[in-house]
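Notes to accompany the following structure.
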Amino acid sequence: MDIPKTSKAMVLTEFKKPLELLDIPVPELGPGDMLVKVDLASVCGTDVHLARDELSMHPPTPIIMGHETVGEIFHLPDSVKTDITGAPVKVGDRIMWSHLFDGTCYSCKVLHEPVMCERSRGYGFSNAYELRGGYAEYEVVLSGTDFVRIPDDVTSEEAVGACCAGRTVVNAFDGLSRCGGIRPGDSVVVTGVGPVGLFAIVLAAQTGAAKIIAVDISPTRLEFSKRWGATDIINAADFKDSAEKVKYIRDLCGGRGADVVIECSGSLPVFAENLDLLAYYGKYLIIGQTSEQAVQIVPNKIQRKSAVVIGSHSGDIRHYIKCLKFVQANKGKYPFGEIISKKYKLEEANQALEDMRAGIALKAALVN
Ligand SMILES: [Zn+2]
Ligand SMILES: [Zn+2]
C-alpha cells in the first residue's frame with residue numbers, strides 16, 4: 001500500500017489551549033522506520049498534565065501527545081522481519097513499542113537500564129511534524145525502537161494498559177523483588193487506584209498476599225479494583241481526619257501496619273501519610289509521584305521502622321513483554337479490557353482529556 005501523504009492529528013500547538021485538528025505531512029521514512037496506523041491510543045494522566053504544562057518536563061510545542069498506543073503495521077521495511085522476541089511480523093499485525101533508547105550512553109551500556117537513557121527519543125512528547133504520537137491517524141516508529149507484536153487472542157483494549165501503567169508496575173515490582181518483594185501472607189496497601197494502582201493490585205494478587213487494601217476517593221474506581229483483586233476497599237473521604245484513617249487501615253493489617261505500601265495516587269499529603277501505614281521492616285514503593293513540589297515528612301518514621309523506600313520510573317521493552325504475557329495468561333480472570341472506560345474519535349481528543357481531568361473516565365482511548 002502507498003504511504004499516505006498526510007495524517008490527521010490532534011496537535012497540542014500551545015500549552016493550556018485545546019488541541020487542534022491538523023493534517024500533518026507524513027515525514028520521509030528512513031531505512032528501518034515503520035509506519036503504523038493507530039488502532040487505539042489511550043489517554044494518560046500524564047497527557048492531561050502535559051497539555052496544561054504542569055509536568056516537570058516542558059517539551060517544546062507543537063506536540064502530538066499519546067505514548068500508550070496500539071498500532072497496526074502499515075509500512076514494514078524489508079530489514080524488519082520479527083519483533084524483539086523473534087516473533088515474525090507482517091503488515092497488519094498489531095504492535096506496541098517503548099521509547100527509543102540510544103544503546104550507547106552510561107545508563108544503556110553500564111547500568112543496563114535503558115529507561116534512564118540520556119538520549120532517548122520519546123513517543124508522545126516530540127515535535128508534531130515527526131509524527132511520533134498516538135493522537136493521530138498514523139505514527140512513525142523509528143528504526144531501532146524496541147517493539148513487540150500483540151498476540152491475536154489479546155484485544156487492543158486488553159493490551160493497551162501494558163503500554164504505560166502495566167509496564168511501569170512490572171518494572172516497579174522488579175525493583176520491589178530486589179528488596180524482598182511481597183511475601184505470602186503480607187498485607188499490601190495501594191493508595192490511588194487509577195490504572196497504575198489497578199496493575200499494582202492485580203500483580204499483588206498473584207503473590208499470596210493476605211490483604212490487598214485499595215484506598216481512593218472514587219467509589220467507582222474502588223468497586224472496580226475489587227475485580228482486579230483488591231480484598232478490601234477504603235474510601236479516604238469517609239474519615240474525619242488522617243489519624244482516624246491511618247488507625248483504621250493499620251487495624252485492618254492486624255494492628256501492625258502494612259508490610260508493603262504502594263503509592264499510586266500522586267498526592268503529596270498521601271505520600272507523607274503512607275509512612276504511618278508501614279509496619280516495622282515495611283517496604284514503601286513509590287510509583288505515582290510526578291509533582292516537583294515539596295512535602296514535609298519525619299525521616300525518623302523510616303529509620304525507626306527499618307523501612308525500605310523504593311522509587312521506580314517507567315519501563316523498558318522487558319516490562320512491556322512481561323506485562324503483555326501476564327495479561328494474556330490472566331485475561332479470563334481479570335477484566336483488563338474494561339480499563340478503557342470510554343472511547344472517543346480522534347477529533348474528540350479534547351473531550352477525552354477533559355473527562356480524564358474530571359475523573360469521569362478511568363481511562364479514555366482514541367480510536368481511528
Ligand atoms: Zn502513560
Ligand atoms: Zn542510552
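Miscellaneous remarks
- Residues of the stretch 299-343 satisfying the condition of being aliphatic (A, V, I, L, M) and either within 15 Å of the chain's Cα centre (by Cα) or modelled with pLDDT under 95 (or both): 317, 321, 324, 327, 339, 340
- Residues that are open to solvent by 30 Å² or more (accessible area, probe 1.4 Å), over 26 Å from residue 100 (Cβ atoms) and touching a residue at least 40 places away in the same chain (Cβ under 8 Å), drawn from the stretch 313-342: 331, 338
- Identity of the residue in the stretch 343-366, in contact with a Leu (Cβ under 6 Å, 6 or more places away or on another chain) and under 19 Å from residue 156 (Cα atoms), that ends up surrounded by the most Cβ atoms within 10 Å (Cβ to Cβ): 349
- Considering the conditions (1) open to solvent by 30 Å² or more (accessible area, probe 1.4 Å); (2) within 16 Å of ligand 1 (Cβ to nearest atom); (3) under 17 Å from the mean Cα position of the chain (by Cα), residue 116 is excluded by exactly one of them, (2).
- Between 306, 267, 314, the distinction of being among the hydroxyl-bearing types (Ser, Thr, Tyr) and touching a Phe, Trp or Tyr at 6+ places or on another chain (Cβ under 7 Å) belongs to 306 only.
- Verdict on residue 154 being at pLDDT 95 or above and crowded, with 23+ Cβ neighbours inside 10 Å: no
- Breaking point among (1) in contact (Cβ under 8 Å) with a residue 60 or more places away in the chain; (2) among the hydrophobic types (A, V, I, L, M, F, W, C); (3) within 28 Å of residue 362 (Cα to Cα), for residue 279: (3)
- In the stretch 54-63, the qualifying residues are those that are open to solvent by 10 Å² or more (accessible area, probe 1.4 Å) and more than 15 Å from residue 291 (Cβ to Cβ), and the one that is nearest to ligand 2 (Cβ to nearest atom) is 59.
- Any chance residue 201 is at pLDDT 95 or above, aliphatic (A, V, I, L, M) and closer than 13 Å to residue 260 by Cα: yes
- Residue in the stretch 194-207 that is assigned to a strand (DSSP E or B) and β-branched (Val, Ile, Thr) present: no
- Residue within the stretch 255-267 that is in a helix (DSSP H, G or I), open to solvent by less than 20 Å² (accessible area, probe 1.4 Å) and within 21 Å of residue 173 (Cα to Cα) present: no
- Residue among 110, 188 that alone is within 16 Å of ligand 2 (Cβ to nearest atom), more than 30 Å from residue 61 (Cα to Cα) and of a type in the set (Val, Ile, Thr): 110
- When residue 190 is tested against (1) within 28 Å of residue 365 (Cα to Cα); (2) buried (at least 24 other Cβ atoms within 10 Å of the Cβ); (3) among the β-branched types (Val, Ile, Thr); (4) more than 21 Å from the chain's Cα centre (by Cα), exactly one condition is not met: (4).
- Looking across the stretch 104-136, the residues that are touching a Cys at 6+ places or on another chain (Cβ under 8 Å) and without any contact (Cβ under 8 Å) to a residue 24 or more places away in the chain come down to 105, 107, 108, 117, 118, 119.
- From the options 47, 39, residue that is in contact with a helix residue (DSSP H, G or I) (Cβ under 6 Å, 6 or more places away or on another chain), acidic (Asp, Glu) and either in contact (Cβ under 8 Å) with a residue 40 or more places away in the chain or closer than 19 Å to residue 163 by Cβ (or both): 39
- Residue satisfying condition, being at pLDDT 95 or above, within 16 Å of ligand 2 (Cβ to nearest atom) and either more than 23 Å from residue 290 (Cβ to Cβ) or of a type in the set (D, E, K, R) (or both), within set 103, 92: 103
- Within the option set 243, 214, 230, being outside any loop (DSSP other than H, G, I, E, B) and touching a helix residue (DSSP H, G or I) at 6+ places or on another chain (Cβ under 8 Å) holds for one residue only, 214.
- Subset tally (residues that are part of a loop (DSSP other than H, G, I, E, B) and either in contact (Cβ under 8 Å) with a residue 40 or more places away in the chain or touching an Asp or Glu at 6+ places or on another chain (Cβ under 7 Å) (or both)) for the stretch 59-86: 16
The values are calculated or read from the model by the stated rules, or taken from the named source; none is laboratory data. Since we're looking at a predicted model, the values are computed, not measured. Using ideal geometry, Cβ is built from the backbone for each residue, glycine included, and neighbour counts are taken over all protein chains shown. For accessibility, only protein heavy atoms count, side chains too; no ligands or nucleic acids. Shrake-Rupley method; radii C 1.70, N 1.55, O 1.52, S 1.80 Å.
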